[in-house]
Each structure stands twice: as C-alpha cells, then as structure tokens.
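The structure appears right after this line, and notes come after that.
The values are calculated or read from the model by the stated rules, or taken from the named source; none is laboratory data. Quantities reported herein were computed from a predicted structural model and do not represent experimental measurements. Please note: Cβ atoms are built from the backbone with ideal geometry, for glycine as well, and neighbour counts cover all protein chains shown. For accessibility, only protein heavy atoms count, side chains too; no ligands or nucleic acids. Shrake-Rupley method; radii C 1.70, N 1.55, O 1.52, S 1.80 Å.
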Amino acid sequence: MDLRHRVPPTAHDGVIHHPNRGKRDSSPTSSASSPKASDALPLPLYLTNAIFFTLFFSVAYFLLHRWRDKIRSHTPLHVVTLSEIAAIFSLIASFIYLLGFFGIDFVQSFITRASNDAWDVDEAVSESSPRPSPSTSITKLPPVECSLISQDDEDIVRSVVNGVTPSYALESRLGDCRRAAAIRRAALQRMTGRSLEGLPLDGFDYDSILGQCCEMPVGYVQIPVGVAGPLLLDGFEYTVPMATTEGCLVASTNRGCKAIYASGGASSVVLRDCMSRAPVVRFSTAKRAAQLKFFLEDPLNFDTLSVVFNRSSRFARLQGIQCAMAGKNVYLRFTCSTGDAMGMNMVSKGVQNVLDFLQNDFPDMDVIGISGNYCSDKKPSAVNWIEGRGKSVVCEAIIKEEVVKKVLKTNVSALVELNMLKNLTGSAIAGALGGFNAHASNIVSAVFIATGQDPAQNIESSHCITMMEAVNDGRDLHISVTMPSIEVGTVGGGTQLASQSACLNLLGVKGASKESPGSNSRLLAAIVAGSVLAGELSLMSAIAAGQLVNSHMKYNRSSKDVTKISS
C-alpha cells in the first residue's frame, strides 16, 4: 500500500483543492482566481506578450539612436520632441507590463510555496514517483492513536509535522513521557505515510528510559522470553531467562541444562574482573611518547595514579595500565574493577582524571580521544581474547556416559572428535578470533537482552573456546568453556527497566550487592558461562547425532499461513 506523506494540493480549473479543507465550487463563475498581468489587454496571451515585447525593444532602440545623435550634435538630452515623449511613455508602459508578467508570477510562486509547505512533503519523493491526479482517490493515512483525542495533542502533532516543534524536545516541553511518545508516533505516521500498527505503545514506563536508555521513543518491541533450567552451577540452581526469536534455542539450552543437572552440575571460576578503557595521546616525537610509556609503567608511580583514578567512584579501583606505541602516538589501556556496574562510564571518568593529572608533567601531550580502540569495546579483538575484558570466566562439567547416551542421544567419542574438527580445527581454518565454539553468541545474546545488558557487547562477550575430552577411561565427557571477556552488570543502563529487572531478580542478582560489591555481576557472568556450556553441549550433541535439521524443522518453522495472518 503506497501511502503518501501528505496529500498535496491539486489544481483543477483554476482552483486549489486541499483534502482537509472545506469543499469549494470549481466552476469558472465561482472560482476566485488571482489577477494576472496578462489580463492587461483583452487579447490572447501570446498576442499580448508579442505586442509588449516588440514595443519595448522598438522604443528602446529608437531612444538609444536619438540620444546618440544628440550626443554627437551636442544637443542637451533633456530637450525632447513629441515623438521622444511618446517613446518614453511606451517604454515605461511596456516595462511595467513585462515586470508584472514575469515578476508578479515569480513572487506569487514563493507566496504559494510558503503557504503550502505543510502540504508539500511529497517533494522528497523521487521524480519518478507518480503524482496523484485530481481524479485519483487518495488512500487515507493510518488513523491517529485513539489516545490522541484532545485538540491540544492534535495541534502539537501538526507542529511536529510542520517542523515547528522538534520531535526530540517533546518530553521536556510536555513533561509527560507517555504523551510525548504518542504524539511523536502520530507525527511519524503522518510524515512517513507508514502505519506503526503492531508496534505497541501502551503498557510501558516511558519515564524509566528518559535520559538513560532510549531517545525519541515511539513504542517498544516485544521479544518473547523463555526459561532454561534448572542450571545446576556451583551447587545452586538457576532458571535462566532467554529473550530470543530463534526457535529451538531455549529448548536446546534446556536440554543441556538437564544433562548437566543429571551429571551432578557444573562449576565455574571467575578468573578476572576488570573493565578497560584506552585513550590515545600524541606527542611531537616518538622519544617523548616513550617517556610517557615508561612513566606510566613504572611501579613507583602506580600508587599516585591509582589515587587520582579512584576519585571517579567509590567502586572504581585501578588495576593496571598497559601501554602500546605507534610512532609518536601512545595507547594507554587502563583496567579497573567497577563493582556491580558494567563500568564503561566509571572507567572513562577515572581515565579522564588521570589524563588531566598527566598534563602537569606532560604539557605537550595532545589527547586525541578518550577511546583509541585499544580497549576494545564492541569489536572483536585479540587484546580482549588474550588479556580479557569485563569478567573472565571458565566453566566446566563432567557429563556421565549414560547421560550422553540417554539425554544427548550420542556418544563421548563422537562429541570429542566433532569438537576437535569443528570448534578447533574448523575455526582455525576460518581464521576465527575468539570463535572456537559452536554458538556461544546465541546464548549470550539471549541472556543479555533478557537481563538488560548492552546487546552490542555480545561481540566480545561471546569470545569462547569450547574444549571436550574423554575422561574416566573414556567413559565420561569433560566439557569446558573459557570466556575471557563477558561484559555484564546488574546496575545501570537497561538493568533498571521493569522487565529486565524481573529477569535479574529471577536469577537472584538484581541490583548491587551491599555485602560484597561486585559479587552480583560476577555471578551473572558465571551464569552466562554456565548457560553457554549447556548450549554448546546440546548443539554439539545434536550435530553429532544428526538431529540438527530435524529439531529446527520442528521448533523453528511455523505451520501458520503468514500471508493470511498479515492480511
């Protein structure tokens, strides 16, 4: 359905019609046409124009010749004959007509354009798009939300559509986030000509995202949340929420949790807890840049830098500074603990404090950027794979032989061989960076979205190497996942939204831990790793047993006729 932005005015029989204005009589007798310069003579337009064009250039030529003769004969120019007077009047008359014919229409075109700006949004459509003719029936735009019933709201919608009121300023001007979202949504539908039916508006707390999670909201997206578990991890049971639209993912992870539970559970260790930020600074020479590197890496200076860094927060604690050089540029990778917050803002403030402090001893230091990508955030990188970022976790379990056969429908030797050829050798051939696993990012993304984490950090948080080995004389399976950079938090950002907060509460890690700051976020990271362990175990078993295609055909395909549903 081709809905247009705004129905433009159409001209017919000298009358401009607007769809939302009162009806007007289009007959010639009742139409109030604007006066035109061509109405000066009761002649056809082309004859009138020809007469005045000829008159103008003829008398101009005549006067120029007369004035040239007067100059040659030293006759005063103000002495004119009767014929010259008539020529001057003819020149003035023809000039007035020509100015009226071209000038008035030119000015009127600007006046008309200014008055019809609100109706001419279609100018943004390409010239190849067909313009509606007077006889074409215009499809009605989607109706305004039923909640927009007041005239005040309707006036604001028009103001946004016309560009008078900025869409981003609605919350601050109205003081009502729900009303602002509704007005912005209605204005968006009118400007784009596209319906947002199906995108929910009601049932969401828009005040909770103001200045925190999302700008200029027009609704919210519904993502189903399933649960897998119980996951028996370190002696405790966890029911893991997973927000996803991929069929079979929750069911597969749930089967892995069942196998782990039947085998006595999994265990985890948080190897490291540190968030990083790496600014880039520049000097005039490489020698001077090296002096900064040596200064920062000197253990004697670390205590002073720690005091300066830790002023940014009562939870921020500087752990180390790693420097790398590229010519006269220095990349400073700061790492610190951040309590139960994911900690990007916290570490950035601490880094800024240190940079300000360093300006005293290095006044020639030019700070190019607070982030120089040596951090590295939201990008796959070897530094995160090797050094870690966020929480570095290893999780393991021993799956008994009978569980492998009864629950996973395969055998230990087949899993070990598949893991070596797929997750290790195959990934190496592909040149994978931190991707030595079957589908760790599937589980990480689902848990991240459910618990209010930054989904973009799935990139480095999914760095994972899956290892499988036959143990206990080859009867049982030892499986482990090592994930060096799980970036999670239980406070801040999307974790404070109602739905995400409920999922964190389900896991028992909601908010900040008062007894042991940082323990909730570390536990969440361990649960993510444990869930990945379950997902890896189940998917690898499905591939080894040849069940992958059949399971996806069962769980990831709908038998419903989508065309009938959409219609």
Breaking point among (1) open to solvent by 10 Å² or more (accessible area, probe 1.4 Å); (2) without any contact (Cβ under 8 Å) to a residue 60 or more places away in the chain; (3) under 30 Å from residue 496 (Cα atoms), for residue 359: (3)
Residue that is touching a residue at least 60 places away in the same chain (Cβ under 8 Å), open to solvent by less than 40 Å² (accessible area, probe 1.4 Å) and at negative phi, where the choices are 432, 438: 438
Selection count, the range 318-347, where residues are open to solvent by 70 Å² or more (accessible area, probe 1.4 Å) and at pLDDT 95 or above: 3
Given (1) within 24 Å of residue 449 (Cβ to Cβ); (2) not in a helix (DSSP H, G or I), index of the condition residue 208 fails: (2)
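Here's the yes/no breakdown for (1) assigned by the TED database to the domain that holds residue 510; (2) of a type outside the set (Val, Ile, Thr); (3) surrounded by fewer than 22 Cβ atoms within 10 Å (Cβ to Cβ); (4) at positive phi:
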site: 443; (1), (2), (3), (4): yes, no, no, no
site: 448; (1), (2), (3), (4): yes, yes, no, no
site: 456; (1), (2), (3), (4): yes, yes, yes, no
site: 470; (1), (2), (3), (4): yes, yes, yes, no
site: 478; (1), (2), (3), (4): yes, yes, yes, no
site: 481; (1), (2), (3), (4): yes, no, no, no
Among (1) touching a Gly at 6+ places or on another chain (Cβ under 7 Å); (2) open to solvent by 50 Å² or more (accessible area, probe 1.4 Å) - the single one residue 500 does not satisfy: (2)
Qualifying strands (runs of 3 or more DSSP E) (wholly inside the range 234-325; at least 3 residues being hydroxyl-bearing (Ser, Thr, Tyr) and touching a strand residue (DSSP E or B) at 6+ places or on another chain (Cβ under 9 Å)): 267-277
Any hit, the range 513-522, residues being more than 24 Å from residue 377 (Cβ to Cβ), touching a helix residue (DSSP H, G or I) at 6+ places or on another chain (Cβ under 7 Å) and outside any helix (DSSP H, G or I): yes
Total residues in the range 354-377, condition more than 28 Å from the chain's Cα centre (by Cα) and in a loop (DSSP other than H, G, I, E, B): 4
Residues being more than 17 Å from residue 396 (Cα to Cα), of a type in the set (A, V, I, L, M, F, W, C) and not in a helix (DSSP H, G or I) - total across the range 421-470: 3
Candidates 286, 259, 251 - the one that is modelled with pLDDT of 95 or more, of a type outside the set (Phe, Trp, Tyr) and crowded, with 20+ Cβ neighbours inside 10 Å: 259
So residue 136, is it modelled with pLDDT under 95, part of a loop (DSSP other than H, G, I, E, B), buried (at least 18 other Cβ atoms within 10 Å of the Cβ) and polar (S, T, N, Q): no
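Okay, residues lined up against (1) in the same structural domain as residue 447 (by the TED database); (2) assigned to a loop (DSSP other than H, G, I, E, B):
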residue: 155; (1), (2): no, no
residue: 158; (1), (2): no, no
residue: 184; (1), (2): no, no
residue: 194; (1), (2): no, yes
residue: 218; (1), (2): no, yes
residue: 228; (1), (2): yes, no
residue: 231; (1), (2): yes, no
Hits in the range 386-405 (condition: assigned to a strand (DSSP E or B) and either without any contact (Cβ under 8 Å) to a residue 60 or more places away in the chain or not β-branched (Val, Ile, Thr) (or both)): 390, 391, 392, 395, 396, 397
Members of the range 510-527 that are buried (at least 18 other Cβ atoms within 10 Å of the Cβ) and free of Cβ contacts under 8 Å to residues at least 24 places away in the same chain: 510, 523
The range 334-346 residues that are on the phi < 0 side of the Ramachandran plot, paired with ones that are buried (at least 24 other Cβ atoms within 10 Å of the Cβ) and among the basic types (Lys, Arg) (beta carbon under 9 Å, 6 or more apart): 334/277; 335/277; 335/389; 336/277; 344/277
Condition check for residue 98: open to solvent by less than 50 Å² (accessible area, probe 1.4 Å) and either at pLDDT 75 or above or aliphatic (A, V, I, L, M) (or both): yes
Per-region count, the range 486-502, residues farther than 20 Å from residue 275 by Cα and either assigned by the TED database to the domain that holds residue 345 or among the polar types (S, T, N, Q) (or both): 4
